[in-house]
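What follows is a single structure, written as structure tokens, with notes after it.
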């Protein structure tokens with residue numbers, strides 16, 4: 001796949017790809033830190049009414065574990081995060097900042113809250129639909145960032161709990177795994193807890209990786225003020 005955004009823009013209306021086998025339950029039933037790295041290069045697919053197919057190649061992910069203070073599962077099961085504690089290979093969709101949806105793939109064993117956030121992808125099929133939903137023709141702005149990704153594919157809380165292994169609507173295909181030499185690893189972005197963990201995985205040099213940057217760790221207020229942390 002080209003990492004030249006100009007080349008990508010010329011090729012967005014490419015012919016449909018030949019579908020590859022979807023990922024198995026066994027693939028997902030491993031620690032999120034393993035699955036997050038191995039999801040790079042895989043193809044996320046949505047089949048819409050009438051058989052229209054939207055597809056995007058995953059180029060950036062983040063891992064979240066139950067022991068991780070940045071994870072929704074850190075404080076246990078709630079109505080919102082229940083899917084994270086279910087079987088591997090299901091989709092966990094949440095609403096954030098009162099305006100965006102984010103999609104995560106549940107990993108590891110049942111009863112353990114572990115998931116991978118899909119942060120960015122390269123549009124491959126159904127690009128005209130993605131452009132309409134996103135309101136932009138720039139291919140780099142269609143799926144580059146978790147909120148853009150879900151908007152481009154038309155995913156919201158209705159898809160929370162979808163089984164990616166069995167669903168006829170959403171699934172992830174094998175695609176072409178990314179070689180180790182092209183995998184970039186670093187701290188996650190948009191969080192203030194667990195920032196020390198190098199659990200963000202992306203394809204090095206890829207034009208479709210999001211531009212998110214790690215946030216500074218929270219600092220305690222000075223004496224005389226409340227003991228609560230900022231952020």
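Points worth noting:
- Between residue 132 and residue 99, the simple spin-label model (points 7 angstrom out along Cα→Cβ) gives 2.4 nm.
- Along each principal axis, Cα extent of the range 71-165, largest first, Å: 42, 29, 19
- Computed packing ranks the peptides 86-92, 160-166, 130-136, 26-32 as 86-92, 26-32, 160-166, 130-136, most packed first, by mean other Cβ atoms within 10 Å.
- Residue 67 versus residue 166: modelled label distance in nm, points set 7 Å from Cα along the beta carbon direction: 3.2
- Length, then width, then depth: along the principal axes, the Cα atoms of the range 5-203 run 45, 35, 34 Å.
- Among 68, 206, a tally of other beta-carbon atoms within 10 Å of each Cβ gives an order, fewest to most, of 68, 206.
- In this calculation the C-beta distance from residue 109 to residue 158 is compared with R0 = 25 Å, giving a FRET efficiency of 0.40.
- Projected onto planes of every orientation and averaged, the convex hull of the alpha-carbon atoms in the range 115-214 covers 7.6 nm².
- 44, 85 arranged by Cβ crowding within 10 Å, fewest neighbours leading: 85, 44
All of the numbers you see were taken from the coordinates with simple rules; none came from a lab. All values reported here derive from a predicted model rather than from experimental measurement. Cβ: placed from backbone, ideal geometry, glycine included. Neighbour counts: every protein chain shown.
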